[in-house]
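Just below is one structure, and these are the notes that go with it.
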Amino acid sequence: NEASLLGKEYLERDVLLPKLSKLNVQGYKYDGYTACITGLKSYFDENMKLLDDYNQDALFGKAPIYTKVRDDTPTRYITGAKVSNIMAADGCLIEGEVENSVLFRGVRVGKGAKVKNCVLMQDTVIEPGVNVEYIISDKNVTITADKEIKGTDSFPVYVAKYQVV
């Protein structure tokens, strides 16, 4: 937190290097997938890269993935739903159209809604008739019926957690 308060953003240069004489630093060779996330745009881009099977396999490989347990139903695709190139976690309910998007746990996409090139975090609700492109919604966001929110590839729109739009 001290580094963040002082505007220091690089772990190695700004935090570890000045305290190297006081730390017991060990090395570990890692040949797997890595990404440097330094802001909203890079966060968005790295999530979009996970839609490519090659990147997903490089990141997760065959090793088990440990996460908080949230016993939920598998994602449900209701009659009339259309999906293309998405990654959806458990507990999602999709009634509308979703394309090139990452959906975290419990995301709901209402009937007639269109979601394209988005990262929707846990328990986001996209109500019926909504049209969203290039947005990142933090958790527990609700986009109310018939709204349209569009960012761009170079400037995705961020909706903060617990917001109702």
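Worth a mention:
- Taking 0.36 nm per residue of separation and subtracting the Cα-Cα distance, full extension of the segment from PHE60 to ASP72 would add 2.2 nm.
- Between the beta carbons of THR144 and THR34, assuming R0 = 35 Å, the FRET efficiency works out to 0.35 to the nearest 0.05.
- Debye intensity ratio in log₁₀ form over the Cα atoms of the range 1-70, taken at each q of 0.25 Å⁻¹: -1.12
- Per residue, the accessible area of the chain comes to 66 Å² when a 1.4 Å probe rolls over the protein heavy atoms.
- DSSP beta bridges confined to the range 32-165 are antiparallel in about 0 percent of cases.
- C-alpha long axis of helix 40-49 to longest principal axis of the chain, angle in °: 70
- Largest to smallest in accessible area, the residues LEU103, LEU16 fall in the order LEU16, LEU103 (1.4 Å probe, all protein chains included).
- For the range 65-116, a Kirkwood hydrodynamic radius built from all Cα pairs, placed in the Stokes-Einstein relation at 4 °C and 1.567 mPa s, yields a translational diffusion coefficient of 116 µm²/s.
- Distance between the 7 Å Cα→Cβ label points at ALA160 and TYR43: 1.3 nm.
- Ordering of 78-90, 62-74, 110-122 by packing [mean C-beta count within 10 Å, highest first]: 110-122, 78-90, 62-74
- As a fraction of the 1.4 Å probe accessible area of the chain, surface on carbon and sulfur atoms comes out at 52 percent.
- Across PHE60, PHE155, PHE104, mean-square fluctuation computed from a Gaussian network of the chain (C-alpha pairs under 10 Å connected) peaks at PHE60.
- Across the cross-link table entries LYS68/LYS161; LYS49/LYS139; LYS29/LYS139; LYS62/LYS161, which are compared at the Cα atoms, the separations over 24 Å belong to LYS29/LYS139; LYS62/LYS161.
- The largest-to-smallest principal axis extents of the Cα set in the chain are 61, 37, 29 Å.
- The listed peptides 52-59, 41-48, ordered by packing as a protection proxy, come out as 41-48, 52-59 (highest mean of other Cβ atoms within 10 Å first).
- Theoretical gain in end-to-end length, ASP90 to GLN26 [0.36 nm per residue, Cα-Cα removed]: 19.3 nm
The values are calculated or read from the model by the stated rules, or taken from the named source; none is laboratory data. What you see is a predicted model; the values in this text were computed from it and never measured. Glycine also receives a Cβ, built like all others from the backbone with ideal geometry; neighbour counts cover every protein chain displayed. All accessible areas refer to the heavy atoms of the entire protein, side chains included, with ligands and DNA or RNA removed. Shrake-Rupley method; radii C 1.70, N 1.55, O 1.52, S 1.80 Å.
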